[in-house]
1. Considering Cα pairs under 8 angstrom that are at least six residues apart, work out the relative contact order of the chain and quote it in whole percent.
2. Obtain the nm distance between the two label points defined at Asp108 and Lys45 by a simple spin-label model: each point lies 7 Å from its Cα along the Cα-to-C-beta direction.
3. In region 1-107, which chymotrypsin sites (Phe, Trp or Tyr not before Pro) are in a loop and have at most 13 other Cβ atoms within 10 Å, using DSSP for the loop call?
4. Would you please state which residues of region 22-45 a label at Ile57 would reach in this model, taking the label point 7 Å out along Cα→Cβ and a backbone N cut-off of under 20 Å?
5. Using a Gaussian network for the chain with springs between C-alpha atoms less than 10 Å apart, which of these wobbles most: Ile50, Ile78, Ile62?
6. Report the label-to-label distance for Lys20 and Thr37 in nanometres (one decimal), using points 7 Å from each Cα along the Cα→Cβ vector.
7. With unit charges on the beta carbon (Lys/Arg positive, Asp/Glu negative), name the residue among Phe16, Tyr40, Ser69 whose Cα is farthest towards the positive pole of the charge dipole of region 4-126.
8. Quick one: of the DSSP bridges fully inside the chain, what percent are antiparallel, nearest 5?
Amino acid sequence: MENLLLIPDSYWGAPFISFKRTGEFSITGRSVAENITEYYQPVFKWLSSITDSPPTIITLSIQLEYFNSKSGRIILHILKMLEQLSLQDKSNVLVNWFYEEDDSSMYDSGSDFQNIVNIPFKCYALKVT
């Protein structure tokens, strides 16, 4: 399986997504597009395709400045898929959640996800310049 790279050039409000076969996964930007479910479909397909032989270590870095409720459900679904890999002892999964230090709602969102899934989270505050 090749790496997955989604560049939101034709989707306003979609994040940049990079899932590498090495286990380095990232979602960055904004996730608010009206047809966001369609945008994330390749992610679900890609994750499903690696379930038999996933990377030993998966690190998902999420750095979103904002996401809507539909995107929140999609992110949770991705986290649940990764949680299954972890629970089946197929991968060691770590989520790095980045948020701007003055954005308490994004921090709270990361904390909420952390409380829902059974995979390690690290939250990092980014200084706003």
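1. Working: 219 pairs, mean separation 26.4, N = 129.
Taking the mean separation of contacting Cα pairs over the length of the chain, I get 20 percent.
2. Distance between label points: 3.7 nm.
3. On the way: sites: Tyr11, Trp12, Phe16, Phe19, Phe25, Tyr39, Tyr40, Phe44, Trp46, Tyr66, Phe67, Trp97, Phe98, Tyr99, Tyr107; in loops: Tyr11, Trp12.
When the chymotrypsin sites (Phe, Trp or Tyr not before Pro) of region 1-107 are filtered for loop state and at most 13 Cβ neighbours within 10 Å, Trp12 remain.
4. 22-27
5. Residue with maximal mean-square fluctuation among Ile50, Ile78, Ile62: Ile50.
6. Going by the 7 Å Cα→Cβ label model, 3.3 nm.
7. Checked the options; the winner is Tyr40.
8. Working: 7 of 28 bridges.
The antiparallel proportion sits near 25 percent.
Coordinate-derived values only; no laboratory data. In this text the structure is predicted, and so the values were computed from the model without any measurement. Because the Cβ atoms are built from the backbone with ideal geometry, glycine has one as well, and the counts that use them run over all protein chains shown.
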